[in-house]
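Read the figures in this text as sums done on the coordinates, not as results from a lab. Note that the structure is predicted; figures quoted are calculated from it, not measured. Positions of Cβ are generated from backbone atoms using ideal geometry, with glycine treated the same way; all protein chains shown enter the neighbour counts.
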Amino acid sequence: MWVGLATWGLARGSGWRRLTRRAFGVGFATWDLACGSGWAAPDWIGLRATYNRPVPRRLVILGSTGSIGVQALDVVGRSGGELQVVGLSAGHDWRTLTRQAAEHGVGRIAVADVDAAAQAAEAWTGGEILSGPDGLVSLVTESACDLVLNAIVGSAGLLPAVATLGEGIDLALANKESLVVGGELVTQLAEATGATIIPVDSEHSALHQLIMREGAGTIERLILTASGGPFRGRSVEQLADVTVEGALAHPTWSMGGKITIDCATLMNKGLELIEAHHLFGTPYEQIDVVVHPQSIIHGLIALCDGATLAHLGHPDMRVPISYALHLPERVDVPVARLDLAALGRLTFEPPDEETFACLRLARAAGQAGGTAPCTLNAANEVAVHAFLGGRLPFLGIAAVIEDTLSRLGVEQVQSFDSLTDADAQARAVAASLVEERAAA
Ligand SMILES: NC(=O)c1ccc[n+]([C@@H]2O[C@H](COP(=O)([O-])OP(=O)(O)OC[C@H]3O[C@@H](n4cnc5c(N)ncnc54)[C@H](OP(=O)(O)O)[C@@H]3O)[C@@H](O)[C@H]2O)c1
């Protein structure tokens, strides 16, 4: 597989821009015939693919110990055997991982942290333990799986995403960071191998379901909804001394720590903007963000005849997880049903990109392209980690990201290796900026 990845890196070095233009060019041409300007959804999200998936579906869950991973196992447990887990992975938490493996009859697991993997190997006798980032790649490539759910947090999800798509295996993608960091290379890899990327993020799952029903060339705009996070409506002055506990208190969703902070800064919506651009092949100018505090509408599409279609439901990630794992079927999910009369009203407002600068920075980085989204993501991961550790104030997150972006500038992406270099460089710069601020 390493040879495969290296080969991809080399191939990308010379050819990816041409491939990208060709792929998007088809979309523009299709739309030109229908409406005059715009885009059409690309093949890698499987809208036009014929799904002929085996049952039971052999599934690997990466990041099974996290918020998405645990909910995915709940979906698997209710599938009546249609979903069969053949591999699980974690970063460090081998105790939870081995318990999950025992509960779901899984004989192969991978732990990214080598010390934690060694501890697991001493304690667990239930099967094979793979170790380190390479172990996660082996889990994907050597488990004869039909589908991989990537629920790892952060850019650590990129390598297994590439491994999955490189093998032509379908990818249910919660790990938005891998598309933010390597979107063009990742989607071109899927296009080349014929693998499908099925979004798990609730907004992108909603858009997937809406776009699926439209012909090419009928969609004018994508609209992503944002809850606005726990600090919606506050001024910059009011954000100066917010606490970690306050930032972790999301009003509508229960999620892992990093994404919850991303919601409080609105970086999560910025990452989702870049994710939507790559997933659906949509120009940034045709993707809007609207704040919708109730989190009932997850996504909307505006059509060329003036109609707008929306996807609604109570915020529960088991719905988009179930959609991604069972596609093209739908199965029962035990979530509260929507009662609009009881809800009373749904409200909307524009995002405040002056106060919550991360959304503005993400849009600018996405539009700049090249290494800018990778730099943005790496600086964000460092800054959020520092905030959670009490070493950076809340407003310092956006400041560190902005400074990192302006110090590093934008380089062209030649290969996955150049992304690794850009990620490392950005982490080093962002870490030193955090230290400078802490010392000041
Ligand atoms: N939670 C949600 O509702 C939600 C909604 C939409 C999208 N997402 C996206 O889904 C992804 C996962 O989010 P989450 O909230 O589930 O995160 P989480 O609760 O923090 O779980 C993250 C998972 O990734 C593993 N992990 C951490 N670092 C790793 C590394 N370096 N290498 C390999 N595995 C590693 C963790 O293992 P340990 O437990 O051992 O640390 C855990 O299994 C994120 O990209 C997030 O943006 C989440």
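Observations on the model:
- Quarter the surface of the alpha carbon convex hull of region 42-201 and you get the mean projected area, 8.4 square nanometres.
- Distant-in-sequence amide H partners of A110 (H built 1.01 Å from N, under 5 Å): L88, S89, A90, L130
- Under the span-like rule (Cα at least 30 Å along the axis, Kyte-Doolittle mean at least -1.0), DSSP H helices of the chain: 2-34, 416-439
- A simple count of charges around A163, restricted to other residues whose Cβ falls under 11 Å of its Cβ and scoring Lys, Arg +1 and Asp, Glu -1, yields -3.
- Placing unit charges on the Cβ atoms only, positive for Lys and Arg and negative for Asp and Glu, gives region 42-201 a dipole magnitude near 420 debye about its Cα centre.
- Using the average count of surrounding beta-carbon atoms within 10 Å as a protection proxy, the listed peptides 285-293, 328-336 rank, highest first, as 285-293, 328-336.
- The order of S202, S432, S418, going from fewest to most other C-beta atoms within 10 Å of their C-beta, is S432, S418, S202.
- In sequence order, calculated HN-Hα J values of region 341-356 (Karplus, 6.51, -1.76, 1.60; Hz; x Gly/Pro): 5, 5, 5, x, 8, 10, 10, 9, 7, x, x, 8, 7, 6, 6, 9
- Burial ordering of W124, W44, fewest other beta-carbon atoms within 10 Å first: W124, W44
- Pairs of Cα atoms nearer than 8 Å and 6+ residues apart set the relative contact order; for the chain it is 16 percent.
- Inter-label distance, nm, simple model (7 Å from Cα along the C-beta direction), E128/S432: 4.4 nm
- Along each principal axis, Cα extent of region 187-284, largest first, Å: 48, 27, 20
- Shape of region 97-183 from the C-alpha gyration tensor: prolate (a/c of 1.5 or more and a/b above b/c, with a ≥ b ≥ c the square roots of its eigenvalues).
- Burial ordering of V384, V244, fewest other beta-carbon atoms within 10 Å first: V244, V384
- When only the Cβ of Lys, Arg, Asp and Glu is charged (+1, +1, -1, -1), the dipole of the chain relative to its Cα centre reaches about 560 debye.
- Karplus-based coupling profile of region 240-253, in residue order and whole Hz: 4, 10, 5, 9, 4, 4, x, 5, 7, 8, 5, x, 10, 10, with θ = phi - 60° in 6.51 cos²θ - 1.76 cosθ + 1.60 and x standing for Gly or Pro.
- Sequence-distant residues sharing a close amide H with R221 (under 5 Å, placed H): A302
- Around the amide H of H311, modelled in the peptide plane, lie the amide H atoms of H298, G299, all under 5 Å away and 5 or more residues distant in sequence or on another chain.
- Note: relative contact order over region 42-201, using C-alpha pairs below 8 Å and six or more positions apart, is 22 percent.
- Share antiparallel - DSSP beta bridges, the chain, percent rounded to 5: 30 percent
- Dimensionless Rg over Rh [the chain; C-alpha; Kirkwood]: 0.94
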